[in-house]
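Novice: One structure follows; several queries about it will come next.
FYI, it's all coordinate maths here, none of it is from the lab. Quick caveat, the model's predicted, so the values are computed rather than measured. Cβ coordinates were reconstructed from backbone atoms using ideal geometry, including for glycine residues, and neighbour counts include every protein chain displayed.
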Amino acid sequence: MIRRTTHGIATLLFGLFLSSGGVAGQEVISSGFRIRPSEVAVPSDVRIGEYERTIRPFENWTLICDEDLQKRQRICNVTQIIENQAGQMVFSWSLAATNEGRPYMIIRTAPIANTEGLISFIFEGRSEPVQIEFDGCNQTVCLGMLPVGPITREQIARNAAPTISYPTIDGKTISVTAPLKGLSEAVEAIN
């Protein structure tokens, strides 16, 4: 019978570390390899190790909170990402708030969007779509902003599934259905 203890495993790992020639705090990188940086971008005024990200999944939505542990300041958003079959983002939106506390949706589309067109939101029970302009693009994403007003609040309360469409630079239209179910629960979990 083989018995393993935490102490034994720690001793084994430390022994392997020493035999590999590693020294605490030293990066051992071979040519052609690099350390993958953190997916969390730490603000320049925060010390490394004093910033924390928590991710909580909800139905169709993900709650992401970043906290400056020293200042005890937390910023959260609730995000939904829709991908194509190749795993590329075609539409994403995040519920966030201005510094004054007004809610809005940050809209992201694929960078192939035709920014001379509009992003259309076809909400259930409404004959006319809500349309917003693009704010701009870079090589990875195009952005827009949708204020959360009475129409959007009603749709969130109903757990609706609006259809979002936008034109592409090759003359096509991308349309996705983005269910709002789970958004209210994610927002409630912020407190």
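Novice: Classify segment 82-188 as rounded, prolate or oblate, taking a ≥ b ≥ c as the square roots of the eigenvalues of its Cα gyration tensor: rounded when a/c is under 1.5, otherwise prolate if a/b is larger than b/c and oblate if not.
Specialist: Prolate.
Novice: Given 0.36 nm per residue, what is the gain on full extension from residue 41 to residue 54 after removing their alpha carbon distance, in nm?
Specialist: The residue 41-residue 54 span can extend by a further 3.3 nm.
Novice: Which of the GluC sites (Glu not before Pro) found in segment 43-78 are in a DSSP loop and have at most 16 neighbouring Cβ atoms, other than their own, within 10 Å?
Specialist: 50, 59
Novice: Report the relative contact order of segment 82-188, percent, no decimals, based on alpha-carbon pairs under 8 angstrom and at least 6 residues apart.
Specialist: That works out to 24 percent.
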